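Notes for the one structure printed next.
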Amino acid sequence: MQGRTVLLVIGGGIAAYKSLTLIRELKREGCRVVPVLTRAAEEFVTPLSVAALAGEEVHRDLFDLTREAQMGHIQLSRDADLVVVVPATADLMAKMAGGHADDLASTLLMATDKRVLVAPAMNVRMWTHPATQRNLATLKADGILTVGPDEGDMACGEFGPGRAAEPEAIVAAIRDALDPQRPSPLLLGPEVAARPLAGRHVIVTSGPTREPIDPVRYISNHSSGAQGTAIAAALRDLGARVSFVTGPATVAPPDGVDVIRIQTAAEMRDAVDAALPADAAVMAAAVADWRVANASDQKMKKSRDGMPVLQFAENPDILAWVSGLADRRPDLVVGFAAETNDVVANATAKRLRKGCDWIVANDVSPETGTFGGESNTVTLISEAGAESWPRMGKDEVARKLAGRIAEAL
Ligand code: PMT
């Protein structure tokens, strides 16, 4: 870290005191630390102590005229090798996720062409609040690096996740982030080309649905969510904001996407509805075509009078519904077709019937191991025709498909 410059944004939270230790540790490692204080941070640490430890002028004001004549905030953000935010409060994270630029800290975070590392710290309820988690997902999707928060006793007397990472952990994260071997995930500068979906929103459905028979039994299928998860991760890696609507899959959802968990097809439809509008939708979920119309709200009992008779009702077809939307239809709608015979012919007919732009046909006959397996053999079908891809890992299918989506958008 010798000779590198860290632009340290100190946010207004109790954990601001940790930034003082951090400055000392970074200086010991030979780093230059240029401090920026938000107005709220000044309530927790004094500019004088920060300046004394850093041995640098403390920057506080966006409208410092001398500096602004030279576009000081741009310069500040570009001269550093890394921008670090400690503590990243709920408010600062929200500003970053929303692209606000109404003070020096938020403006230089918007203007930087360098990597940004944030160390979130806040009350446990603020941390687990859906708004903060949404903002976190957006920041991750934008390529912002994070360290912490830790779990433990908090200054407010509560216990849980939300404590700022310890300075040693932040120093370790800074060391990693300064490593030139790790390609920068930021969207700016020449790296834009590597993130062609930056600023785009894509909805991905994944996994099976579960249709209840009674409170303890359900109808479902073998989808593991592996293919949908890989697609969401690949789209995220290309810079997209991903709303990931998933049934009860066995594969964990990827980091850096908005995860919306559902059980039934009706819930999946509602979740997709709430996530719209989007630039693209990829429907990789294995949605139950039918639900039990006479599901019982009590556990069904064995009876001498005979077997229970299940009646079925048709589920909403989410793919057909999205494809047919007049006002909110995504520019590109991609369906999947799980077939066990006449794969390409059936999938071609399905694309036309459901009205999507592309359909990815895959053979899910048991001997292929597609359901739950790690690889897939697919044919991408569009108006232009059918293109068969060789058998490959689901990750590779996902990356190839994400690349095609980026080209199309
Ligand atoms: O999850 P994995 O184990 O990795 O397996 C991946 C997969 C085989 C599940 C996946 O690649 C796949 O093929 N997903 C679609 C499965 C499916 O339900 O196919 P379908 O032919 O029944 O449906 C066609 C399309 O309509 C799909 O995009 C489906 O999401 C959609 N659909 C179906 C029914 C319904 N009620 N609403 C829908 O939106």
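Just report the Cα centroid separation between segment 199-255 and segment 315-387, whole Å. The two parts, judged by their Cα centres, are 16 Å apart. Taking other C-beta atoms within 10 Å as the exposure proxy, Tyr218, Tyr17 rank Tyr17, Tyr218 from fewest upward.
Could you tell me which of rounded, prolate or oblate describes segment 5-193, using a ≥ b ≥ c as the square roots of the eigenvalues of the alpha-carbon gyration tensor, with rounded for a/c under 1.5 and, failing that, prolate when a/b is larger than b/c and oblate otherwise? It is rounded, given that a/c, with a ≥ b ≥ c, falls under 1.5. Kirkwood's formula applied to the C-alpha pairs of segment 75-115 gives a hydrodynamic radius of 10.4 angstrom.
Amide hydrogen proximity for Val85: with H placed 1.01 Å from N in the peptide plane, the residues at 5 or more positions away or on another chain lying under 5 Å are Val9, Leu117, Val118, Ala119. Only four residue types carry charge here, +1 at the Cβ of Lys and Arg and -1 at the Cβ of Asp and Glu. Report the dipole size of the chain about the Cα centre in Debye, rounded to the nearest 20. Here the size comes out at about 480 debye. Placing +1 on the Cβ of each Lys and Arg and -1 on the Cβ of each Asp and Glu in segment 302-409, which of Ala313, Pro330, Thr348 has its Cα farthest towards the positive end of the resulting dipole? Checked the options; the winner is Ala313.
What's the local net charge at Gly160, with K and R +1, D and E -1, over the other residues with C-beta under 13 Å away? Local charge sum for Gly160: -2.
Taken together, the values in this text are just the output of simple stated rules run on the coordinates, not laboratory data. Since the structure is predicted, the reported quantities are computational estimates derived from the model, not experimental observations. A quick note on method: Cβ atoms are made from the backbone with ideal geometry, for glycine too, and the neighbour counts reach across all protein chains shown.
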